[in-house]
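Since the structure comes first, as structure tokens, the remarks are kept for the end.
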Amino acid sequence: QVQLVESGGGLVQAGGSLRLSCAASGSTFLIDTMGWYRQAPGNQRELVAHISRAGNINYADSVLGRFTISRDKALHTVQLQMNNLKPGDTAVYSCYVSRLGRDYWGKGTLVTVSS
């Protein structure tokens, strides 16, 4: 089992920045991909960004150039630096990890961007 705890959400004005962090604990050995999804009210959950153990990164088109994902393999943490935030980025952001073919999810942290 892997436990995930997110931090860093909050309220920010459009154009501002937030940094989300997620720490994994438990069976962290052999974690492969770490990343973030988000879900806005009334919308489907969408992938924001993820980074593999090898360092391969994918971003949603909507956040390219504004968000940066990073990972500390030794500490089993993943961060999401979010710059130039827009009201459309308002959502619950959830951390996830993949390990041995299974996905684990955090409870999520709310990001609210005011116009």
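Data table
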| quantity | calculated |
| --- | --- |
| Rounded if a/c under 1.5, otherwise prolate or oblate - segment 66-109, Cα gyration tensor axes | oblate |
| Cα-centred dipole magnitude for segment 33-92, charges only on beta-carbon of K, R (+1) and D, E (-1), debye, nearest 20 | 120 debye |
| Accessible heavy-atom area order of R45, R99, R53, highest first, probe of 1.4 Å | R45, R53, R99 |
| Cα-based shape type of the chain, given that a ≥ b ≥ c are square roots of the gyration tensor eigenvalues and the cut on a/c is 1.5 | prolate |
| Theoretical FRET efficiency, 1/(1+(r/R0)^6), r = Cβ-Cβ of F29 and K107, R0 35 Å, to 0.05 | 0.95 |
| Carbon and sulfur %, accessible surface of segment 1-114 computed with the full protein complex present, 1.4 Å | 50 percent |
| Distance in nm between pseudo-label sites at N83 and T68 (7 Å out along the Cβ direction from Cα) | 0.6 nm |
| Where the chain is the region considered: accessible area per residue in Å², 1.4 Å probe | 53 Å² |
| Charge-dipole axis of the chain as Lys and Arg at +1 and Asp and Glu at -1 on Cβ define it, positive-most pick from T112, L20, Y59 | L20 |
| Given charges at beta-carbon only (K, R positive; D, E negative), |dipole| of the chain in Debye | 120 debye |
| Residue-count net charge about T77 - beta-carbon cut-off 11 Å; Lys, Arg +1, Asp, Glu -1 | 0 |
| Hypothetical label at S7: residues of segment 70-88 whose amide nitrogen lies under 19 Å (7 Å Cα-Cβ projection) | 70-82 |
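The values are calculated or read from the model by the stated rules, or taken from the named source; none is laboratory data. Keep in mind the model is a prediction, meaning the values are calculated, not measured. Reconstructed Cβ throughout: ideal geometry from the backbone, glycine too, with neighbour counts over all protein chains shown. Protein only, heavy atoms only, side chains kept; ligands, DNA and RNA dropped before computing areas. Shrake-Rupley method; radii C 1.70, N 1.55, O 1.52, S 1.80 Å.
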